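The values are calculated or read from the model by the stated rules, or taken from the named source; none is laboratory data. All of these numbers come straight from a predicted model, not from anything done at the bench. Heads up, the Cβs are rebuilt from the backbone with ideal geometry, glycines too, and the neighbour counts pull from every protein chain shown.
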Amino acid sequence: MIMLVKLLFLIPFFISVAAWSVTSKFSYEFRDSINRPINPNGVKDWLSIDAKSKKPTQRNDNYFEAGARYFYATDAFMYSAPEIYFIRENSSNQLILGRKLINWNKYEQFWGLNHINAQRSYDLLDDQPEGLVGIFYEQTLWSHLKTSLFLSYLYVPQLNPGIKVKDGKISSPSDSVAYPSKLDLYGRVRPIVYELEQPKWSDVVFQKSLGFNLAYDYNNFLCSTYALYKPENKLRINARTPLNRVHLPDAAEVTAQPFVNYHGVYGLLTGYQNSFTSNFLGVEVIDANTELDNVFKSIDPLKVEPQKRPVKNDEFDIRPSYIAQTYLHYTTIIPRDTFSISLNYIRLLSKESIQKDSFFQEASRFIDAVGVGGTLSFTDHFSTLVKWYYDFKRQDNIVKTEIGWNNQSIGLVLGLEVLKAPDMDSYWSNFRTNDSVYSKFSILF
């Protein structure tokens, strides 16, 4: 099923490359661990290709951005299509069909979250977002008031990081996959032998989504409110192990069941922008228990039924947590011709009850944290990037830095990622030994 979804991505990829004028980049990338990862993937280098068209400049235009990675050591692929859409607009309204980023909040990308948009998730600290698939309509009601609608019956789950189950073991070309290798079952710690139960592709792809945003902008002040009801961008995983273990009595035979879970995302955002800075303060609620099926049915001509959560049975279950999370977030962006700085703060206002195990569910990455991001161009060809995150609650300390050089034909990037996560309950503790250095050589055409 997952391979079929990936193949669906390649259709618009090749159509767009053939039909649109795009700029492309072919790269060789190498990454080496400074220490020994908890879950080593055995992958150190790969090839990648990225292509994108020019941003829409006309009222009837289109846009395309996509890419792929090939891990030749394990013969594995990763795919990405952040945006592929057609746009039609006039002076008061805009209609977009395809996959597009929803920019209703200002904090998700920096913190690597995927409540509204999906994440590319090539690597652990990859913050490239990927949009949602559907119909996007924007209408200017008055000179300062604008409304946006999103409707979809097609769901493309976050494809990366991909996993493969072979001989009872899980493998992935990405360094961002953490999974339990042992299970305390009936008072005894046993090694886990995995089996992946693939759902029907139709049970995954045909899902409904509905979103609404209302924004008021006047004299540099911004105020908006939004709400979405849609599938979570990552598939949930429910796991069960039989009570009567007949094949491997000394192991925990775990069957992993991917499934679609709906959630509600509600937010308020205020902001002030001038020529020097852009400042945003907001609150967002993500409720994994939201049920709007009855409301949706009244306006749903296709009557698409959502996939049901796995029910509890007589076997031993490892079940995801379904909770509501409330985030307070603040962002200041200082853009300049030669540099850009972003100052960020995020706080989880609700009680933290999702543990670090991110294989069966998406754990909370940050509780009470500050973050700084910055880019600096020394010349037209030489630049650097720095990102730093620090969580006061868990004392997580994460640093990512890059230096890059490029001209019209080639590019070179050298980078470093360092993580410190002393709290065992932290999401990042699974990756505390993932410190790495990396390089990337690109040919531009």
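Below are the figures for this structure:
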{"quantity": "Inter-residue pairs, beta-carbon under 7 Å, first touching a residue at least 24 places away in the same chain (Cβ under 8 Å) and over 24 Å from Val265 (Cα atoms) and in the range 325-352, second aromatic (Phe, Trp, Tyr) and part of a strand (DSSP E or B), 6+ apart", "calculated": "none"}
{"quantity": "Matching residues in the range 147-173 - criterion: being at pLDDT 80 or above and among the hydroxyl-bearing types (Ser, Thr, Tyr)", "calculated": "Thr147, Ser148, Ser152, Tyr153, Tyr155, Ser172"}
{"quantity": "Some residue of the range 151-161 being surrounded by 15 or more Cβ atoms within 10 Å (Cβ to Cβ) and over 21 Å from the mean Cα position of the chain (by Cα)", "calculated": "no"}
{"quantity": "Among the candidates Ala81, Ala76, residue that is among the small types (Gly, Ala, Ser) and within 21 Å of Val22 (Cβ to Cβ)", "calculated": "Ala81"}
{"quantity": "Residue within the range 126-133 that is among the acidic types (Asp, Glu), within 30 Å of Pro40 (Cα to Cα) and assigned to a strand (DSSP E or B) present", "calculated": "yes"}
{"quantity": "Residue that is modelled with the lowest pLDDT, among those in the range 231-258 that are of a type in the set (Lys, Arg) and in a strand (DSSP E or B)", "calculated": "Arg240"}
{"quantity": "In the range 190-230, residue modelled with the highest pLDDT [restricted to those that are farther than 16 Å from Gly131 by Cα, charged (D, E, K, R) and in contact with a strand residue (DSSP E or B) (Cβ under 9 Å, 6 or more places away or on another chain)]", "calculated": "Asp217"}
{"quantity": "Residues of the range 178-214 that turn out to be buried (at least 18 other Cβ atoms within 10 Å of the Cβ) and either within 21 Å of the chain's Cα centre (by Cα) or under 25 Å from Tyr330 (Cβ atoms) (or both), as a count", "calculated": "10"}
{"quantity": "Qualifying residue in the range 128-147 (condition: touching a residue at least 40 places away in the same chain (Cβ under 8 Å), of a type in the set (Asp, Glu) and buried (at least 21 other Cβ atoms within 10 Å of the Cβ))", "calculated": "yes"}
{"quantity": "Within the range 192-230, tally of residues that are part of a strand (DSSP E or B) and within 27 Å of Val283 (Cα to Cα)", "calculated": "20"}
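Residues checked against (1) among the hydroxyl-bearing types (Ser, Thr, Tyr); (2) modelled with pLDDT of 90 or more:
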{"site": "Ser80", "(1), (2)": "yes, yes"}
{"site": "Glu89", "(1), (2)": "no, no"}
{"site": "Leu95", "(1), (2)": "no, yes"}
{"site": "Leu101", "(1), (2)": "no, yes"}
{"site": "Gln119", "(1), (2)": "no, yes"}
